[in-house]
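The values are calculated or read from the model by the stated rules, or taken from the named source; none is laboratory data. As the structure is a computational prediction, the values presented were derived from the model and not from experiment. No Cβ is skipped: glycine too gets one built from the backbone with ideal geometry, and neighbour counts run over all protein chains shown. These area figures cover heavy atoms from the full protein model, side chains too; ligands, DNA and RNA do not enter into them. Shrake-Rupley method; radii C 1.70, N 1.55, O 1.52, S 1.80 Å.
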Amino acid sequence: MASLASPLPCRTAAAAARFPAAAAAASGSRRIVGPPASPLLSSASARFPRSPRDAAPRRRRDAVRVCSQAGAAGPAPLSKTLSDLKDSCWRFLRPHTIRGTALGSIALVARALIENSHLINWWLVFKAFYGLVALICGNGYIVGINQIYDIRIDKVNKPYLPIAAGDLSVQSAWLLVILFAAAGFSIVVTNFGPFITSLYCLGLFLGTIYSVPPFRLKRYPVAAFLIIATVRGFLLNFGVYYATRAALGLTFQWSLPVAFITCFVTLFALVIAITKDLPDVEGDRKYQISTLATKLGVRNIAFLGSGLLIANYIAAIAVAFLMPQAFRRTVMVPVHAALAAGLIFQTWVLEQAKYTKDAISQYYRFIWNLFYAEYIFFPLI
């Protein structure tokens, strides 16, 4: 209503500036009673009276200033609305999961091309880009539908997410997840054949039963861990490598580095599944969501996750010594030793911080950074 009413005072002020006599007559008996004027000002105005010519332009300037201030308090510009919408959609996609998906797919494609450099066709870059878009759409569907069914919990655990914060309506969220699923499926079915399409649909199905009642398998720790490890570990790595070899005109064949990264990341995804509930303990307990973190405690789960990852790094170093013909030892050993040392230090920091919520969030972010680092170094091993 304020925006609709704001032009009226501007017109009135402008009219008063043009026709002061009419404005004075219209005001009638409405007088503004204020403090008495200063004698100094009164004598000055008596000595130097203002001419009507000087007063009229001043009134016009005052009227323009009033209108400008009223316009500044009006509705937000379109650019700000679009910026807010873009920010909500980006948070809805959970950027840290997109980074993992993008880095994983790029690393697997790069590895397949390194192994078959004589078959590189630069037109395949476009096909790889379509595949990346399809994976991001699938990722958006899975994390989006999880937010739709976790609104109450997210208001406690993750109040910054767009639905929980009230920045994105549930109807808009449903529209986005349906759009993501349809776009991803369309890209895959038209570019990658029936086998990859079936793997893609399996990933969407597992993401659905993870969050949606009556299944909602996220309530059961073992089932939740297996789903996350399967989708982010096996399906992503195997599917991208298979699709890349098919695009190069090759039949599928495991290479030792790809078998290594698939096993390594599957176990890593299991650790992510275990530790992802650490920042959410408060909300999970409030809504009686059973997780290992609520059952065993934050400290025990943090040590369990760190222990599994350190075992993963030790295995990676051992593989480099046992299979020197398949791996570059000069890369595998120092990189994994440095990442393991960083993890030990971050676990110590968490212990020293007495497992505060900020320290837990920082620890969980560090786990994801280790995940990204593995894919960044993978083409070099």
Item to complete: Please say if the stretch 188-262 is rounded, prolate or oblate, where rounded means a/c under 1.5 for a ≥ b ≥ c the square roots of the C-alpha gyration tensor eigenvalues, and otherwise the choice is prolate for a/b larger than b/c and oblate otherwise?
Response: oblate
Worksheet item: By how many nm would the segment from Gln171 to Tyr287 lengthen if fully extended, with 0.36 nm per residue of separation less the alpha-carbon distance?
Response: 39.4 nm
Worksheet item: What does the charge add up to near Val212, with Lys and Arg as +1, Asp and Glu as -1, over the other residues with Cβ less than 13 Å from its Cβ?
Response: +2
Practice prompt. Could you compute the FRET efficiency for Phe303 and Val125, with r as their C-beta to C-beta distance and R0 at 51 Å, rounded to 0.05?
Written response: 0.70
Fill in: Length released on extending from Leu78 to Ile314, taking residue separation times 0.36 nm less the Cα-Cα span
79.5 nm
Discussion item. What distance in nm lies between label points placed 7 Å from Cα along the C-beta direction at Leu202 and Ala246?
Written reply: 1.2 nm
Worksheet entry | Computed E for Arg329/Asp358 - FRET, C-beta separation, R0 45 angstrom, nearest 0.05 | 0.70
Worksheet item: If one computes the Cα centroid of the stretch 149-222 and of the stretch 283-317, what distance in Å separates the two points?
Response: 24 Å
Worksheet, complete the sentence: Residues of the stretch 247-277 with backbone N under 15 Å of the label point set 7 Å from the Cα of Asn116 along Cα→Cβ are 247-256, 258
Practice prompt. Mind scanning Lys155/Lys218; Lys127/Lys276; Lys286/Lys354; Lys80/Lys127 and naming the pairs with a C-alpha gap bigger than 25 Å?
Written response: Lys127/Lys276; Lys80/Lys127
Worksheet item: When the label point is put 7 Å from the Cα of Leu256 along its Cα-to-beta-carbon vector, which residues of the stretch 323-338 have a backbone N closer than 17 Å?
Response: 323-334
Worksheet item: What order do you get for 350-360, 187-197 when each peptide is scored by the mean count of other beta carbon atoms within 10 Å, highest first?
Response: 187-197, 350-360
Worksheet item: Around Trp348, with a cut-off of 13 angstrom between Cβ atoms, what is the net charge of the other residues, counting Lys and Arg +1 and Asp and Glu -1?
Response: +1
Worksheet item: According to the square roots a ≥ b ≥ c of the eigenvalues of the Cα gyration tensor, what is the shape class of the stretch 156-230, taking rounded for a/c under 1.5, prolate for a/b larger than b/c otherwise, and oblate for the remainder?
Response: oblate
Fill in: Which of His336, His96 is most accessible, then next, and so on - probe 1.4 Å
His96, His336
Response to the item:
With 0.36 nm assigned to each residue of separation and the Cα-Cα distance removed, Arg216 to Val133 gains 27.2 nm
Worksheet entry | Net charge of neighbours whose Cβ lies under 15 Å from the Cβ of Leu292, counting Lys and Arg as +1 and Asp and Glu as -1 | +3
Response to the item:
Per the C-alpha gyration tensor (a ≥ b ≥ c, the square roots of its eigenvalues), the stretch 245-339 is rounded if a/c is under 1.5, else prolate if a/b beats b/c, else oblate; here it's oblate
